[in-house]
Every structure is written in structure tokens, then in C-alpha cells.
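Below is one structure, written out as C-alpha cells, with a few remarks after it.
The values are calculated or read from the model by the stated rules, or taken from the named source; none is laboratory data. Please read these numbers as outputs of a predicted model, since none were measured by experiment. Cβ placement follows ideal geometry from the backbone for every residue including glycine, while neighbour counts extend to all protein chains displayed.
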């Protein structure tokens with residue numbers, strides 16, 4: 001069974017993180033971290049609490065537990081996705097600051113050369129945002145903005161969310177049927 005880390009931070013768009021969790025649940029071991037602001041947005045945007053992220057093969061970690069298993073390079077995972085990724089979290093990871101478990105787990109992914117997917121949900125982007133995203137890209141992270149495509153006839157919010165989540169799953173190496181490959 002594959003093992004993934006899913007972090008939900010304080011950027012709008014927590015629906016992407018929830019949908020990714022729903023798709024991975026039952027297919028993989030999932031270690032979930034929800035920031036304090038991420039928890040607020042879960043409630044505001046979806047009416048959910050972090051306790052939503054539970055189930056068989058699921059572990060919900062506290063952001064303050066820097067000594068959790070996922071903070072160690074010896075704890076092997078197949079990938080980590082930060083969905084959505086706030087610009088504050090992105091900036092701290094890009095600067096090598098590990099003030100909480102999300103930042104430390106991301107730092108471990110980079111230092112161990114493991115798959116780290118960053119899904120920013122911000123507009124417009126400032127020069128500082130772009131530099132931080134570039135630094136993460138250069139360090140080995142994959143930057144996958146929450147920018148859905150419309151070329152396959154997505155016409156509901158759910159289909160637009162699935163478009164982005166399908167791309168995340170593809171990059172995590174997880175089979176998905178949310179979105180077929182593009183065929184012109």
C-alpha cells in the first residue's frame with residue numbers, strides 16, 4: 001500500500017484537499033496535517049472539522065508535533081501534497097523554515113528528494129510569491145496551481161475541482177478515473 005502525506009493549509013480552496021483525501025482514502029495510507037487556518041477554512045468553506053480526515057489507514061497529525069514520524073527522513077512516504085498551499089507556508093518552506101509539522105514534513109521531502117506537490121491557490125501572484133515558487137521548483141517540488149482546464153467540458157464546480165485533483169493523483173502515481181487523458 002502506498003503512503004502519502006496530505007497537508008491542508010490556510011488558503012481558500014480546501015475543497016481540493018478534501019477531494020484528494022476522498023480519492024486516496026482506502027487506496028493508500030494517508031498522513032494528514034491541517035494547519036490552524038486550514039481548519040478554519042474547512043469550517044467556513046465546507047462546514048467540516050479536521051476530524052473529517054479519519055478512517056482506516058489514516059492518521060491525523062497535529063501541526064505542533066514536530067517529532068511525528070513524517071518529520072523523519074527514515075519514515076518513507078511515496079509523496080506529499082500541500083493542497084491548498086498558502087503563500088505563507090510556501091514562503092517558509094522555500095526559506096527552509098520548519099516551524100510546524102507541515103513545513104518540516106515538506107523540508108524532509110525536499111532533502112530526501114521525494115515527491116512534493118505544492119498546490120497554490122492565490123491570485124494575483126506577487127514577485128515574492130513567484131520567487132518562492134521558483135525556489136521550491138528548483139529544490140525539486142512540483143508546482144501544480146489550482147487552475148482547472150475547461151477543454152473537456154467541465155461545467156460544474158465539482159468537475160473543475162476533479163480536474164485539478166486528477167492532475168495531483170496523476171503526479172502521485174495513483175490511478176484515477178476523475179478525468180480521462182486529453183484526446184483531441
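When the residues of segment 163-184 are filtered to those that are part of a helix (DSSP H, G or I) and in contact with a helix residue (DSSP H, G or I) (Cβ under 7 Å, 6 or more places away or on another chain), which remaining residue is farthest from residue 84 (Cα to Cα)?
169
Say we look at segment 123-139 and pick out the residues that are surrounded by 14 or more Cβ atoms within 10 Å (Cβ to Cβ) and touching a strand residue (DSSP E or B) at 6+ places or on another chain (Cβ under 7 Å); which of these is nearest to residue 111 (Cα to Cα)?
Selected residue: 136.
Being more than 17 Å from the chain's Cα centre (by Cα), farther than 13 Å from residue 15 by Cα and surrounded by 12 or more Cβ atoms within 10 Å (Cβ to Cβ) is the filter here; which residues of segment 140-173 pass it?
149, 152, 154
Looking only at segment 22-43, which residues are in contact with a strand residue (DSSP E or B) (Cβ under 6 Å, 6 or more places away or on another chain) and closer than 20 Å to residue 147 by Cα?
If the condition is that a residue be in contact with a strand residue (DSSP E or B) (Cβ under 6 Å, 6 or more places away or on another chain) and closer than 20 Å to residue 147 by Cα, then 38 is the only one that fits.
Looking only at segment 34-53, filter to residues that are assigned to a loop (DSSP other than H, G, I, E, B) and loosely packed, with under 13 Cβ neighbours inside 10 Å; which one of those is nearest to the chain's Cα centre (by Cα)?
If we take residues in segment 34-53 being assigned to a loop (DSSP other than H, G, I, E, B) and loosely packed, with under 13 Cβ neighbours inside 10 Å, then 49 is nearest to the chain's Cα centre (by Cα).
May I ask you to list the residues in segment 59-81 that are closer than 19 Å to residue 25 by Cβ and within 15 Å of the chain's Cα centre (by Cα)?
60, 61, 70, 77, 78, 79, 80, 81
Need the failing condition index for residue 67 against (1) modelled with pLDDT under 95; (2) at positive phi, just the number.
(2)
Among the residues in segment 94-104, are any over 27 Å from residue 64 (Cβ atoms) and in a loop (DSSP other than H, G, I, E, B)?
No, there is no match, as no residue in segment 94-104 is over 27 Å from residue 64 (Cβ atoms) and in a loop (DSSP other than H, G, I, E, B).
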